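Everything on this sheet refers to the single structure shown next.
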Amino acid sequence: MNIAYECLMSFLASFCFGIIFQVRGIKLFTAGFGGLIGWLIYLLSASLFPSSSIPRFFFATVGITIFSELCARVLRAPVSVFLAVALIPLVPGGGIYQTMLYCIHGNTGLALRECVSTIGIAGALAMGVVIVSSVVRLFSEWKHTYHP
């Protein structure tokens, strides 16, 4: 597919979920743009990690989390407003669906393989958020302690 088209669709998906999550105004467009940024990072990192998608999900999540932290400070809103909406295109819903479908059809081997992949992606998303949020918090505390 075309990269521009995929990025536009990720923006629209994030934007629409932002409406469902009752995000308003400029924050809605900003959160949607965060989804676009994450998907763009995911697509561009394909050349760096051609054999596994898990590192691509990790780096896309790191990018989204940094973007969300910056937007939260500029627009004076909780980080979760931007983060929850922007992560929508990366959520492994298709993997969860395929896992359940393989289970229902009795394909245990395929179900297990898909489940491990989905858990790996979910773990990459979680680790990206935790690492960036922890670094931001440590930096913020250091700044307030040593540079009042």
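Just so it is clear, none of the values below were taken in a lab; they were calculated from the coordinates. Since we're looking at a predicted model, the values are computed, not measured. FYI the Cβ positions are ideal-geometry reconstructions off the backbone, even for glycines, and counts take in every protein chain you see.
Count Lys and Arg as plus one, Asp and Glu as minus one, and take only other residues whose Cβ is under 14 Å from that of residue 143; the net charge is then 0.
Note down the net charge around residue 92, summing +1 for each Lys or Arg and -1 for each Asp or Glu among other residues with Cβ under 14 Å from its Cβ. So the environment of residue 92 carries a net charge of +1.
At 222 nm, what value in deg cm²/dmol follows for the chain if DSSP H runs of at least 4 each add -39500 (n - 2.57) and the sum is divided by all its residues, to the nearest 500?
When only DSSP H runs of four or more count, the value is -27500 deg cm²/dmol.
Quarter the surface of the alpha carbon convex hull of region 90-148 and you get the mean projected area, 4.5 square nanometres.
For region 91-108, 3J(HN,Hα) computed residue by residue from phi via the Karplus equation (6.51, -1.76, 1.60; θ = phi - 60°) reads 4, x, x, x, x, 5, 4, 4, 4, 5, 5, 5, 5, 5, 7, x, 8, 4 Hz, glycine and proline entered as x. For region 54-63, putting each phi into the Karplus relation 6.51 cos²θ - 1.76 cosθ + 1.60 with θ = phi - 60° gives couplings of 4, x, 5, 5, 4, 5, 5, 5, 4, x Hz, in residue order, rounded to whole numbers and with x for Gly and Pro. If you plug the beta carbon distance of residue 80 and residue 141 into 1/(1 + (r/R0)^6) with R0 = 22 Å, you get a FRET efficiency near 0.65. Evaluated at q = 0.23, 0.28 Å⁻¹, a Debye calculation over the C-alpha positions of region 73-112 (equal weights, vacuum) places log10 I(q)/I(0) at -0.72, -0.86. Relative contact order of the chain, taken over Cα pairs closer than 8 Å and 6 or more residues apart, is 24 percent.
For the chain, the longest principal axis of the Cα atoms and the long axis of helix 3-20 meet at an angle of about 70 degrees.
In this structure, residue 73 and residue 47 have a Cβ-Cβ separation that, at R0 = 35 Å, corresponds to a calculated FRET efficiency of about 0.65. Considering only 57, 18, 101, the residue lying farthest towards the positive end of the dipole of the chain is 18, judged by Cα position with unit charges set on Cβ. Remark: the residue 133-residue 20 segment gains 38.2 nm on full extension, using 0.36 nm per residue and subtracting the alpha carbon distance.
Can you work out ³J(HN,Hα) from phi for every residue in region 25-32, in order, using Karplus 6.51 cos²θ - 1.76 cosθ + 1.60 and θ = phi - 60°, giving whole Hz and x for Gly and Pro? Running phi through 6.51 cos²θ - 1.76 cosθ + 1.60 with θ = phi - 60° gives x, 5, 5, 5, 5, 5, 5, x Hz. Legend: translational diffusion of the chain by Stokes-Einstein, Rh = Kirkwood radius over C-alpha pairs, 20 °C, 1.002 mPa s; D = 131 µm²/s. Rounded to the nearest 20 debye, the dipole magnitude of the chain is 340 debye, with +1 charges on Lys and Arg beta carbons, -1 on Asp and Glu beta carbons, and the Cα centre as origin.
Divide the volume of the convex hull around the Cα atoms of region 44-127 by the residue count and you get 89 Å³ per residue.
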